[in-house]
Amino acid sequence: MEKQIWKPGTVLYPVPAVMVSCGNMEQKNIITVAWTGTINTNPPMTYVSIRPERHSYELIKERGEFVINLVTKDLTYACDFCGVRSGRDVDKFTEMHLTAKKGEKVDCPIILESPVNIECKVKEIVPLGSHHMFLAEVVSVSVSEKYFDKTGKFHLNRSKPICYSHGGYFTLGEQVGSFGYSVRKKDTPKTGTKQRKRRSGKKQRQK
C-alpha cells in the first residue's frame, strides 16, 4: 500500500466536539472545543486547549474553572454556532435557547440540555504555541436521568453523541466490539453437556 507524506499537522481524528461553558451566571459564555480529552484517572483529570485570543480564554484563566458539556445530535447546530460566533458579541445561551444552571462545584453554568456535564477546576495552564492547554481536575459530573435503564445502567449511546472529523460533525455508528473482547474467552459448554445432548439424541432416534 502506497503512502503520501504530508507536512506535520493535526490529523488525529475523529475527536470529541464539546461545548465548554465558562464565566459565571451573570457573565457566561460557551466555546466549542475539539482539543480535549482524558489525561488521568486518579485524580480524574482532563484538559482543553484554547487560543489565547478567544473570548473564553480570559474567562477561564481568570476564574480557574469551566464545564465540559457533551454534545448530542440534537445539539449539533448549537455546537457549531458556539464555535463560530464570539461571546463578545452575542449571548450564546439566549441565541441557542440553551438552559444555564449553576454547577454543583463550580460557579460557571452547566448546559442543562447536555447529557453529561463535567465540572473542572484548572490546575495548570501550559502555553504550547497557537493554543494554551488548561490542565484541570474533574470535581463533579452531572448525568441526565433519561439515559438510565431500569437496572440503573447509564447508556450514553442513547443520547446520540457526535464527534468531529476534518471539518464535519458525525454521529457514532454501530458498536463493533467492547473493551477486552479480543482476549476474552468464548463461552464453552459445561462439563458433560455434549455427552447429555448425544445421549438425548440417541434416545429420540430409538423412539
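The values are calculated or read from the model by the stated rules, or taken from the named source; none is laboratory data. These numbers were taken from a predicted model, which means no experiment stands behind them. In this analysis, Cβ positions are derived from the backbone assuming ideal geometry, glycine residues included, and neighbour counts consider all displayed protein chains. Just so you know, the surface numbers come from the protein's heavy atoms only, side chains and all, with ligands and any DNA or RNA stripped out. Shrake-Rupley method; radii C 1.70, N 1.55, O 1.52, S 1.80 Å.
In Å², and per residue, what accessible area does the range 10-89 have when probed at 1.4 Å with the other protein chains present?
Averaged over the residues of the range 10-89, the accessible area is 50 Å².
Among 161, 133, 111, which residue has its Cα furthest toward the positive end of the charge dipole of the range 111-183, with +1 on Lys/Arg Cβ and -1 on Asp/Glu Cβ?
The one lying farthest along the dipole's positive direction is 161.
Classify the range 1-63: rounded, prolate or oblate, from the alpha-carbon gyration tensor (a ≥ b ≥ c, eigenvalue square roots; a/c under 1.5 rounded; otherwise prolate if a/b is larger than b/c)? Could you put the intermediate results ahead of the total?
Numbers: a/c = 2.93, a/b = 1.86, b/c = 1.57.
Taking the square roots of the gyration eigenvalues as a ≥ b ≥ c, the range 1-63 is prolate.
Can you find, among 32, 183, 22, the residue sitting farthest towards the positive end of the charge dipole of the chain, where Lys and Arg contribute +1 and Asp and Glu -1 at Cβ?
In the chain, that residue is 183.
Mind ranking 84, 143, 20 by accessible surface for me, highest first, 1.4 Å probe?
Working: 84 105, 143 55, 20 0 Å².
Solvent-accessible surface, decreasing: 84, 143, 20.
Using θ = phi - 60° and the Karplus curve 6.51 cos²θ - 1.76 cosθ + 1.60, what whole-Hz ³J(HN,Hα) does each residue of the range 24-29 get, with Gly and Pro shown as x?
Going residue by residue, I get 9, 5, 8, 10, 10, 7 Hz, with x marking Gly and Pro.
Which entry in [x] 25, 22, 16; [y] 45, 22, 17; [z] 33, 18, 15 is this structure's computed semi-axes √(5λ) of the Cα gyration tensor in Å?
Entry [y].
Where the accessible area of the range 8-141 is counted over protein heavy atoms with a 1.4 Å probe, how much of it, in %, is carbon and sulfur?
Numbers: 3330 of 6670 Å².
Carbon and sulfur atoms account for 50 percent of the accessible area of the range 8-141.
Exactly which chymotrypsin sites (Phe, Trp or Tyr not before Pro) in the range 4-55 are in a DSSP loop and have at most 13 other Cβ atoms within 10 Å? Before the final figure, lay out the partial values.
Working: sites: 6, 35, 47; in loops: 6, 35.
Sites meeting the loop and neighbour criteria: 6.
Take every Cα pair under 8 Å in the chain that's 6+ residues apart, average their separations, divide by the length, and report that relative contact order as a whole percent. Mind showing how you got there, number by number?
Working: 349 pairs, mean separation 44.9, N = 207.
Result for the chain is 22 percent.
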